[in-house]
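Values in this text are rule-based calculations from the coordinates and carry no lab data. Predicted model only: the values in this text are computed from it and were never measured.
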Amino acid sequence: MPIGFCVQSSFHAFEYCFDQMPNMPSQSSVAAVLNDCDMLIMDLSDYWQVVFNIFVHRASRGSILIVQDIYSTPQSLKDWKKICADNRTGVTFDLYDCGIVFFDLNMYKQHYKVNL
């Protein structure tokens, strides 16, 4: 089952499944789930931009975003590249199965592709 996103915050895990919702979730409902969230695991489902923008707005230097299945479709790869190019993100890692984004903007913005 695809997961819209998972939140790891203060040792609590939450799952928010967009595929079970008939309409796009409201920004306030997503913001309530992401309140004080330092780590987010999300996929690039239809509403990823809503989740991403709210998370980035609240992200601190220690926040981490993990994006699942970045090569699953051509559109997923385009979306991953948008995230990497976003001026609100810092160092990014392409691990093929997933991507990792850091938000410490004091570090030089760089994209790493790990080949195993």
3J(HN,Hα) from dihedral phi, the stretch 59-65, Karplus parametrisation 6.51/-1.76/1.60, rounded to Hz, x for glycine, proline
5, 10, 4, x, 6, 9, 10
Across the stretch 66-76, in residue order, what do the Karplus-derived ³J(HN,Hα) couplings come to in whole Hz, using 6.51 cos²θ - 1.76 cosθ + 1.60 with θ = phi - 60° and x for Gly and Pro?
10, 10, 7, 6, 6, 10, 5, 9, x, 5, 4
Assuming 0.36 nm per residue, please report the length gained on full extension of the stretch K82 to I64 beyond their Cα-Cα distance.
4.8 nm
